[in-house]
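Values in this text are rule-based calculations from the coordinates and carry no lab data. These numbers come from a predicted model, not from an experiment. Note: ideal-geometry Cβ built from the backbone for every residue, glycine included; neighbour counts use all protein chains shown.
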Amino acid sequence: MSDVHDGGCLCGTVRYRTLGKPERTTICHCTFCQRLTGSAFLVEPVFLTTNVEVVSGTVSTFDYRSPDHGRTLKINFCPKCGTHLSLLFERFPTMQGICGGTFDDPNWFKPDRHIFTRSAMPWVAYPHDVSCFEQHAIRADGTPATPWQVDSRLTAMAGQLRSIADIG
């Protein structure tokens, strides 16, 4: 498999290239990412900014200051068609998250964690081999957060479904 992966916007005005594997691939269920994507979550391979380059076109940017933590997220998007392409993070200045669906072949990476599961849609299923976090995977003080166990959540959900079935 090649370590070079290309992608771009819907209209083809902006094209980008990533080098190497992502540092991590996150599925984010926060309400910001839900609104950004217009969907249930953002699929986000995260690269060192030095491993991402725009090869044609020029991105437009929108700075969003989070009301939750006060830090800025810079959203890069195509000025012509509006496709969201990537995000830059004030908290992690050396990293760039790519909107996973904008790769020409979005099947080459595999998610390794789900974050902000507290605001996930209730119908989302979590694989047993991926770390899941109620909020961020890294606390505000820089220490790692503790993931929850998928198996325990599935057991709890099955109990809730049985209770609902008993009521009906």
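Here are a few things to note about the model shown:
- On the stretch given as segment 78-93, residues that are free of Cβ contacts under 8 Å to residues at least 24 places away in the same chain and in contact with a strand residue (DSSP E or B) (Cβ under 7 Å, 6 or more places away or on another chain) total 2.
- Every test in (1) touching a residue at least 40 places away in the same chain (Cβ under 8 Å); (2) of a type outside the set (Phe, Trp, Tyr); (3) surrounded by 14 or more Cβ atoms within 10 Å (Cβ to Cβ); (4) not in a strand (DSSP E or B) is passed by His69 save one, and that test is (3).
- Residues (outside any strand (DSSP E or B), polar (S, T, N, Q) and buried (at least 16 other Cβ atoms within 10 Å of the Cβ)) located in segment 82-118: Thr83, Thr102, Thr117
- Subset of segment 8-35 that is over 9 Å from the mean Cα position of the chain (by Cα) and buried (at least 21 other Cβ atoms within 10 Å of the Cβ) - its residue that is farthest from Thr61 (Cα to Cα): Pro22
- Pairs, first within 16 Å of Pro111 (Cβ to Cβ) in segment 132-152, second surrounded by 11 or more Cβ atoms within 10 Å (Cβ to Cβ) and among the hydroxyl-bearing types (Ser, Thr, Tyr), C-beta under 6 Å, six or more apart: Cys132/Thr117; Cys132/Tyr126; Pro147/Ser131; Val150/Tyr126
- Counting the residues of segment 35-61 that are under 19 Å from Leu19 (Cα atoms) and part of a strand (DSSP E or B) gives 11.
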